[in-house]
Amino acid sequence: MRAATLLPLTFALACAPDDTDADLPLHLQECTGTLDTRVGVVTSLSFARVEDGVSAGFDLDGHTSEAGDDEGCGIPDLVGPNGEPGIDNAFARLLPALESTEAAAVEPLIQQSIRDGVLLLLIELEDYDDPLNDVCVDFTVLQGVGEPFVSAAGEIVSGQTFDRDPNANPSTVEAVSLQDGALLAGPLTLVLPFTVFDVPLEIQVSGAIFGLTLSPDGHFEGLFGGGLDVDYLLRIAQEENVDPDLYGTLEPLLRAASDLDLDGDGDCSQISITFNVEGELAFLFPE
C-alpha cells in the first residue's frame, strides 16, 4: 500500500461560506467547476491497527478524551502517527482479542464482498476545475451496481463503469477543499452492505470522515472512520446465531470499548472504527 498523505484535522472539513459573508471572494461564494465528474471505486478496506497507543484515524467527536473522562465516554483517545491528539479508533484495541476467535474472518470477508460487487463503494467528485487543487469541490459517497472485473491477482481492475444503486441513498459533503490531491470530507452517514458467513448484512457508519489522497491516474488511498452502533452489532450477532462463545466475547468487549456519543444524548452507544482505503479510477453510466 502506498503511503497516504492526509491533511491534519485542524483543516476545515468543508469550505462552504456563510451566506451572510458577502466579503468572501467569488470562488468561495459559489462552487462551480469546468471538468467532468471524477469517479473512483473502493478496491480495498482493511482495519487500521493500533501500536503503542498510536493509530491512524480522526478526532470524530471533537474531544481529546482521557481515562475516566465523562465527555469522552471514559475511554482514552489514541495519538496519530504525527502526534495528533484525540484520535478515535477504539475498535483497533479489540482486534488482537477478536482475531483469536471466528471474528478473524470478518476482514477477509469484507474484501470478498468488495470483489463480488456486494460492497461496491464509489466516490464522486463534482464541480472542480483542477484534478489536484481546487478550493471548492463536492464529494459524494454512493453505492454502485455491477459485477466488477477482477484480475488474476484478485484486484478490481481500474477503469470500469458501474450503475448507481437506485435503492441506496448517496451521501454528499459540499464545498470540500482539494489541495495537492488531498481532501478531508465529512461527516457522512454510510450504509455498508456486505456478506459474512453467507449472511447479507447492512452496517451503518455514523459521523464518517474520509481523508484521501488522489493521484492523477485515478488511484486514491487514505482512511475513513466513523462510529458503529454497538446494540445493532450485537443484535445482528444474536439474530444470525453467532456461536455463543463468540457472542460472550463480543458483548463485554464492545460495550466496554464504546467511546462515542455522536448524537449527544449522553449514551455512549457507539464504538469508533477506522479503515484503510484504496481505490481506482471508475466511471458511472448516465442516470
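The values are calculated or read from the model by the stated rules, or taken from the named source; none is laboratory data. Here the structure is a predicted model, which means the values were calculated and not measured. All Cβ positions, glycine included, derive from the backbone under ideal geometry; neighbour counts span all protein chains shown.
Annotations
- Exactly one residue among ASP130, ASP69, ASP134 is over 25 Å from ALA256 (Cα atoms), charged (D, E, K, R) and loosely packed, with under 15 Cβ neighbours inside 10 Å, and that residue is ASP130.
- For THR101, the conditions (1) more than 27 Å from ASP36 (Cα to Cα); (2) without any contact (Cβ under 8 Å) to a residue 60 or more places away in the chain; (3) among the β-branched types (Val, Ile, Thr) all hold with the exception of (2).
- LEU188 being at pLDDT 90 or above and either surrounded by fewer than 17 Cβ atoms within 10 Å (Cβ to Cβ) or of a type in the set (A, V, I, L, M) (or both): yes
- All positions within the stretch 137-154 that are surrounded by 18 or more Cβ atoms within 10 Å (Cβ to Cβ) and aliphatic (A, V, I, L, M): VAL137, VAL141, LEU142
- Filter result for the condition that a residue is modelled with pLDDT under 90, crowded, with 16+ Cβ neighbours inside 10 Å and either closer than 22 Å to CYS73 by Cβ or β-branched (Val, Ile, Thr) (or both), over THR195, THR249: THR249
- Selection count where residues are of a type in the set (Ser, Thr, Tyr) and either closer than 16 Å to ASP36 by Cα or touching a residue at least 60 places away in the same chain (Cβ under 8 Å) (or both), scope the stretch 122-154: 2
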